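The values are calculated or read from the model by the stated rules, or taken from the named source; none is laboratory data. Please read all numbers here as calculations on a predicted model, not as lab measurements. As a convention, Cβ positions derive from the backbone with ideal geometry for all residues, glycine included, and neighbour counts pool all protein chains shown.
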Amino acid sequence: MLRIGMDIGSTTLKSVVLDEEGTILYQQYERHYAQITDKVIEMLKHIRSMFSKNTIHFCISGSAGMGLANELHIPFAQEVYATRAAIKALLPETDVVIELGGEDAKILFLSGMMDVCMNGSCAGGTGAFIDQMATLLGISQKEMNALASDHKKIYSIASRCGVFAKSDIQPLLNQGACKEDISASIFQAVVNQTIAGLAHGRKIDGNIVYLGGPLTFFSELRAAFDKTLHKQGICPPYSLYYVAYGAALLSKQESFSFDVLLKMLGDYRASDQYASCPPLFKSQKEYQDFTSRHPKESQIIKKR
């Protein structure tokens, strides 16, 4: 029976299909642009079209997947647990895992005293942070990586928050600092934020594995980690899919048919616990009354 794991992250959706022996038969990676349910359905339909079997084992993981899994009673594996399961299966000699995602970062210490350190609600020092900085520089992320490879110096840039980083970068641009140096400095800022914020003073040593989109796509980010740690980590094959792979490994408990699973997803609507505030205007008339009244109130305030 096929085992399917899906990693629903803050910005991307990853899926892995395994056979009974744990061999990867298929993998897929794409941005979901917050259209999570639609993208999950689309991905599952594509997987169904590729394989003749209708009954599968299925498990969801990832920071944006818990609500969907809980509502539909689909097995869920916490992403750190899924990563550890994948590492044990694929790279059992690993001592430390450094994983950066779209809006989260984590370090897993697997040898000695096991420990897991994750960032909080801020996306500083993650893929979203790199996205923001590339936009500020007016270049693509791919261009930023290429420029960083030709840098001459590193500037001190805050990475705790994108706002602070922009406050550091804009003066450098105004003073004529080259984009090669700024690009490399952005990657170094991510390294500093990850190590200082998550290692908690513990030495990062031994066999180091880099996982997640930023560390997969940006060779200069990996180089900055290597230089700072004085170690050469590895970015293994399927580095984007370790959480999804781990979820697939942990999917043995319950089976689903594609038809039932797709119907459940097609009928799914988020419950009220995820709803936000009620609308400001209950009808079009209320909105029109407000827009006609608002200019009059503004004039009264100006006269005062």
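Odds and ends about this structure:
- In segment 160-184, the residue that is nearest to Asp131 (Cα to Cα) out of those that are at pLDDT below 85 and buried (at least 18 other Cβ atoms within 10 Å of the Cβ) is Gly162.
- The condition of being crowded, with 18+ Cβ neighbours inside 10 Å and touching a His at 6+ places or on another chain (Cβ under 8 Å) holds for Arg3.
- The residue that is farthest from Ala77 (Cα to Cα), among those in segment 234-269 that are at pLDDT 95 or above, touching a helix residue (DSSP H, G or I) at 6+ places or on another chain (Cβ under 6 Å) and not hydrophobic (A, V, I, L, M, F, W, C), is Ser239.
- Residue within segment 99-109 that is free of Cβ contacts under 8 Å to residues at least 40 places away in the same chain and either in a loop (DSSP other than H, G, I, E, B) or assigned by TED's automatic domain parsing to the domain that holds His32 (or both) present: no
One line per residue, one yes/no per condition, for (1) aromatic (Phe, Trp, Tyr); (2) in contact (Cβ under 8 Å) with a residue 60 or more places away in the chain:
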{"site": "Gln141", "(1), (2)": "no, yes"}
{"site": "Phe164", "(1), (2)": "yes, no"}
{"site": "Ile169", "(1), (2)": "no, no"}
{"site": "Gly176", "(1), (2)": "no, no"}
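- Filter result (touching a residue at least 60 places away in the same chain (Cβ under 8 Å) and in a loop (DSSP other than H, G, I, E, B)) within segment 143-162: Ser149
- Residue list for segment 50-72, restricted to those being over 17 Å from the mean Cα position of the chain (by Cα), free of Cβ contacts under 8 Å to residues at least 12 places away in the same chain and under 17 Å from Ser251 (Cα atoms): Ala69, Asn70
- Failed criterion for Met113 (all others in (1) over 23 Å from Leu13 (Cα atoms); (2) at pLDDT 90 or above hold): (2)
- Scanning segment 1-55 for residues that are under 22 Å from Ala89 (Cβ atoms), of a type in the set (Val, Ile, Thr) and in contact with a Phe, Trp or Tyr (Cβ under 6 Å, 6 or more places away or on another chain) gives Ile4, Val16, Val17.
Results for (1) surrounded by 14 or more Cβ atoms within 10 Å (Cβ to Cβ); (2) over 30 Å from Tyr81 (Cα atoms); (3) touching a Phe, Trp or Tyr at 6+ places or on another chain (Cβ under 8 Å), shown as yes or no for each residue.
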| site | (1), (2), (3) |
| --- | --- |
| Ile98 | yes, no, yes |
| Gly102 | yes, no, no |
| Met113 | no, no, no |
| Thr126 | yes, no, no |
| Met133 | yes, yes, no |
| Ile154 | yes, yes, no |
| Ala158 | yes, yes, yes |
| Gln188 | yes, no, no |
| Gly197 | yes, no, no |
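- Residue in segment 77-92 that is basic (Lys, Arg), buried (at least 19 other Cβ atoms within 10 Å of the Cβ) and part of a strand (DSSP E or B) present: no
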